Amino acid sequence: MSINSNTGSNVVSLMPRRAEMIFPALKDVEAYWEGLRGNRPIPSRGDIDPRGMQSALEYAFILERIAPGVARFRLAGMHLTDLMGMEVRGMPLTAMFTPEARAQISAALEAVCATPNVSTISLKSAGGMGRPALEAQLLLCPLKSDLGDVSRVLGCLQTKGEIGRQPRRFDVVEVSTRDLLVEAPAAAQTPVTEIPRDDDTHARNTPKAAPKAARPFLKLVSDNDA
């Protein structure tokens, strides 16, 4: 829920619902990732079965993190090939972005693997000669490799509008993140007040006897004849 700063009234944001309608592939991929995750913080790359997200397969991809903030495509759907006009496998994710946006994408990618979190990034591609303006969304979900480190990413990129002349490159509009390892705050401890019974009150008002001295474990024996 968002707050309208002009009126101070509570306003329910329709942006998430609008995004689900325009970019349904992202919702399908994230739901598939959540299903793999179950009770674990992060699922593994080996758990991925393309048949589980068949409806969004052309928009989906898998990245391999090869350095801080740098990841390359290991697998990618046909929609990404259509956007770039070439096979993107082996290319860095940042190749699909303008120079001004690459630092933001690198930072978001690193946060996905290091925090870890799930990131949804709103994008735009400016129009031009033979290139209609494009609106897009990018989803990045962390995965563990076979070695157990978080160095793989399940992603999805879907656009709205005609692709036109390729390659298409994007600017970042907004980054939304969801941390996966946030711990719930500990429950507050409420002190328990006991109601004294009559014998408890008598015990408190009765002077306590001085404790008896403990008997020593060792006894010193003096040999006077020596």
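The values are calculated or read from the model by the stated rules, or taken from the named source; none is laboratory data. Just so we're clear, the structure is a prediction, and the values are computed from it rather than from any experiment. All Cβ positions, glycine included, derive from the backbone under ideal geometry; neighbour counts span all protein chains shown. Only protein heavy atoms, including side chains, enter the accessible area calculation; ligands, DNA and RNA are left aside. Shrake-Rupley method; radii C 1.70, N 1.55, O 1.52, S 1.80 Å.
Hey, any hits in the stretch 186-194 for a residue that's open to solvent by 60 Å² or more (accessible area, probe 1.4 Å), part of a loop (DSSP other than H, G, I, E, B), of a type in the set (S, T, N, Q) and at pLDDT 90 or above? Scanning the stretch 186-194, I find no residue that is open to solvent by 60 Å² or more (accessible area, probe 1.4 Å), part of a loop (DSSP other than H, G, I, E, B), of a type in the set (S, T, N, Q) and at pLDDT 90 or above, so the answer is no. Before we move on, is Asp47 under 24 Å from Pro167 (Cβ atoms), among the acidic types (Asp, Glu) and either more than 17 Å from the chain's Cα centre (by Cα) or open to solvent by less than 40 Å² (accessible area, probe 1.4 Å) (or both)? Considered against the rule, which asks whether it is under 24 Å from Pro167 (Cβ atoms), among the acidic types (Asp, Glu) and either more than 17 Å from the chain's Cα centre (by Cα) or open to solvent by less than 40 Å² (accessible area, probe 1.4 Å) (or both), Asp47 comes out as no.
Would you call Ser122 within 24 Å of Pro24 (Cα to Cα) and modelled with pLDDT of 95 or more? Yes: the conditions hold for Ser122. Among (1) open to solvent by 70 Å² or more (accessible area, probe 1.4 Å); (2) modelled with pLDDT under 95, which single condition is Arg89 missing? Answer for Arg89: the failing condition is (2). Here Glu135 fits the description: out of contact with any helix residue (DSSP H, G or I) (no Cβ under 7 Å at 6 or more places or on another chain), within 17 Å of Ser176 (Cα to Cα) and among the acidic types (Asp, Glu).
Residue by residue, here is whether (1) in contact with a Gly (Cβ under 8 Å, 6 or more places away or on another chain); (2) surrounded by 16 or more Cβ atoms within 10 Å (Cβ to Cβ); (3) on the phi > 0 side of the Ramachandran plot holds:
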site	(1), (2), (3)
Arg102	no, yes, no
Val118	no, yes, no
Ala126	no, no, no
Gln137	no, yes, no
Cys141	yes, yes, no
Asp146	yes, no, no
Arg169	no, yes, no
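Given the criteria at positive phi and surrounded by fewer than 21 Cβ atoms within 10 Å (Cβ to Cβ), does Gly130 qualify? Spelling it out, Gly130 is indeed at positive phi and surrounded by fewer than 21 Cβ atoms within 10 Å (Cβ to Cβ).
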